[in-house]
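For reference, the structure is listed below as structure tokens.
The values are calculated or read from the model by the stated rules, or taken from the named source; none is laboratory data. Nothing here was measured: the structure is a model prediction, and the numbers come from that model. Because the Cβ atoms are built from the backbone with ideal geometry, glycine has one as well, and the counts that use them run over all protein chains shown.
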Amino acid sequence: MLDKESSRSFNAYLLGEIRPNEFEDWLYSYPLLEEQLGVDLYLDLISIDFTVQSSKKQVKDLFGSQINYAAIHQEQILNTIGRLKAREGSPLELIAVLYKYAEMGYFFLADNDLVANFGEMGKSISSALHKLDEKQQWERIQTLHKSFLFWIAEIEQDIKQERIRFTGKSNIGFYGQEYFIWERAF
């Protein structure tokens, strides 16, 4: 299993958040990668031609099971929740992040209507908020969705106290979409 930093970099590359040349630069500069992968897998990795489009599929096929999705997804969700609680940044962008993770299978994030209805059904929510500046967006959320900030604080506590556990496992659902599995402890 890759450490958290390696998992972040592999995941960012696979999601297109970093360019192939940035990923390739990182893999040559990260001193622990060969140790984590072993010599054979490391050689397979550095043998990939990152200038071809199929390189992402090669990386996913060879190393997808090595990525510590549980750790990086938990970290990213907690970071987003922390920013929401502190009202740092655009609430629309932050809620969109939670919605993305709900779509990925972390359905506990869809327990709140503001997140659950953010996608196709929630276009009216996002279009209404888009017309406001950031300060007004926060005020509107606090006024119309009073339970939202309380709810995210509860989710944060559930994750930190391991009442919600990220397993790192996934299933392939309809249309080939990957869904990540989590567990709730009572």
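Quick notes on this structure:
- In segment 85-92 there is no residue that is farther than 30 Å from Ser127 by Cβ, at pLDDT 90 or above and of a type outside the set (S, T, N, Q).
- Output for segment 149-169, where each listed residue is assigned to a strand (DSSP E or B) and over 17 Å from Ala110 (Cβ atoms): Arg165, Thr167, Gly168, Lys169
- Where a residue in segment 160-176 is more than 13 Å from Glu75 (Cα to Cα) and its partner, wherever it lies, is hydroxyl-bearing (Ser, Thr, Tyr), with Cβ under 7 Å and at least six apart: Ser170/Tyr179; Asn171/Tyr179; Gly173/Tyr179
For (1) at pLDDT 90 or above; (2) under 15 Å from Ile155 (Cα atoms); (3) polar (S, T, N, Q); (4) not in a helix (DSSP H, G or I), each residue gets a yes or a no:
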{"site": "Ile95", "(1), (2), (3), (4)": "yes, yes, no, no"}
{"site": "Phe108", "(1), (2), (3), (4)": "yes, yes, no, no"}
{"site": "Leu114", "(1), (2), (3), (4)": "no, yes, no, no"}
{"site": "Lys123", "(1), (2), (3), (4)": "no, no, no, no"}
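- For segment 140-162, residues that are surrounded by 11 or more Cβ atoms within 10 Å (Cβ to Cβ) and either within 18 Å of the chain's Cα centre (by Cα) or more than 23 Å from Trp182 (Cα to Cα) (or both) total 12.
- Subset tally (residues that are assigned to a loop (DSSP other than H, G, I, E, B) and not small (Gly, Ala, Ser)) for segment 16-30: 4
- When Ile72, Ile48, Ile81, Ile77 are checked against the criterion of being buried (at least 16 other Cβ atoms within 10 Å of the Cβ), among the aliphatic types (A, V, I, L, M) and farther than 20 Å from Gln157 by Cα, Ile48 stands alone in meeting it.
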